[in-house]
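**Student:** Sharing a structure, written as structure tokens. Questions coming.
The values are calculated or read from the model by the stated rules, or taken from the named source; none is laboratory data. Since the model is a prediction, treat every value here as computed from it, not as a measurement. Here the Cβ positions follow ideal geometry from the backbone for every residue, glycine too, while neighbour counts run over all protein chains shown. Only protein heavy atoms, including side chains, enter the accessible area calculation; ligands, DNA and RNA are left aside. Shrake-Rupley method; radii C 1.70, N 1.55, O 1.52, S 1.80 Å.
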Amino acid sequence: MRILLLAAALLGLSAPARALDDIAAFERGFAVSLWQFDACGDGLAGRIFRQALAERMAHCPFSAEARERYRTRTRAEFRKARERMTEMVEARGGLPDRLEGMGGTCRALQDSAPYREFRALLERYSEGGVPAEAVIPAACDAPDILP
């Protein structure tokens, strides 16, 4: 193996990337997007963010096992969040103005300059104007990947 690495270095080639296995940051980003966007009434932004997240993840050297865990866990998270949102709508007659744990209301969040700027970036991504890496600039092994 050392000889192969030395030969690759002499030829100007880089060593093959080691497969990553920790997908927790991507899973958290997926889960947070459901509540930050969808539960606050901006499902389109949530879908665009999750599309960018999936594209960004596709460019990362995750192992096949990690990718399968991500698919399984995010499908379960999506179902669980949708059920909870449906319960909230039925109990309140609509989505709440403020989600538990939020510092402000959904309206205040959506009216903030950072949200509007990020929302515009999501729209540019969905139109093909910027790559997924512009929406999610974090490294593949970043500890957090959040909207």
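**Student:** Looking at residue 119 and the list (1) surrounded by fewer than 16 Cβ atoms within 10 Å (Cβ to Cβ); (2) among the charged types (D, E, K, R); (3) modelled with pLDDT of 90 or more, which single condition is not satisfied?
**Tutor:** For residue 119, the failing item is (1).
**Student:** Of (1) among the hydrophobic types (A, V, I, L, M, F, W, C); (2) in contact with an Asp or Glu (Cβ under 7 Å, 6 or more places away or on another chain); (3) open to solvent by 40 Å² or more (accessible area, probe 1.4 Å), residue 106 satisfies all except one. Which?
**Tutor:** Unmet for residue 106, out of (1) among the hydrophobic types (A, V, I, L, M, F, W, C); (2) in contact with an Asp or Glu (Cβ under 7 Å, 6 or more places away or on another chain); (3) open to solvent by 40 Å² or more (accessible area, probe 1.4 Å): (3).
**Student:** Among the numbered conditions (1) open to solvent by less than 40 Å² (accessible area, probe 1.4 Å); (2) at pLDDT 95 or above, tell me where residue 42 comes up short.
**Tutor:** Tallying (1) open to solvent by less than 40 Å² (accessible area, probe 1.4 Å); (2) at pLDDT 95 or above, residue 42 fails exactly one: (2).
**Student:** Moving to a separate point now. Go through the residues of the stretch 80-91 one by one and say whether even a single one is under 14 Å from residue 27 (Cβ atoms), more than 13 Å from the chain's Cα centre (by Cα) and surrounded by 11 or more Cβ atoms within 10 Å (Cβ to Cβ). Quick ask: steps written out before the conclusion?
**Tutor:** So the first thing to find is which residues in the stretch 80-91 are under 14 Å from residue 27 (Cβ atoms), and the list is 80-81.
Filter again for more than 13 Å from the chain's Cα centre (by Cα), leaving 80-81.
From what is left, the residues that are surrounded by 11 or more Cβ atoms within 10 Å (Cβ to Cβ) are 80-81.
Yes: the stretch 80-91 contains one or more residues that are under 14 Å from residue 27 (Cβ atoms), more than 13 Å from the chain's Cα centre (by Cα) and surrounded by 11 or more Cβ atoms within 10 Å (Cβ to Cβ).
**Student:** Further, regarding this structure: Go through (1) open to solvent by 40 Å² or more (accessible area, probe 1.4 Å); (2) of a type outside the set (Gly, Ala, Ser); (3) part of a helix (DSSP H, G or I); (4) at pLDDT below 95 one by one and return the number of the condition residue 51 breaks.
**Tutor:** Failed condition: (4).
**Student:** Name the single residue that is nearest to the chain's Cα centre (by Cα) among those in the stretch 95-115 being among the acidic types (Asp, Glu) and more than 17 Å from residue 46 (Cα to Cα). Outline the logic, then answer.
**Tutor:** Keep residues of the stretch 95-115 that are among the acidic types (Asp, Glu), which gives 97, 100, 111.
Remaining after also requiring more than 17 Å from residue 46 (Cα to Cα): 97, 100.
Working: 97: 23, 100: 21 Å.
Restricting to residues being among the acidic types (Asp, Glu) and more than 17 Å from residue 46 (Cα to Cα), the top hit is 100.
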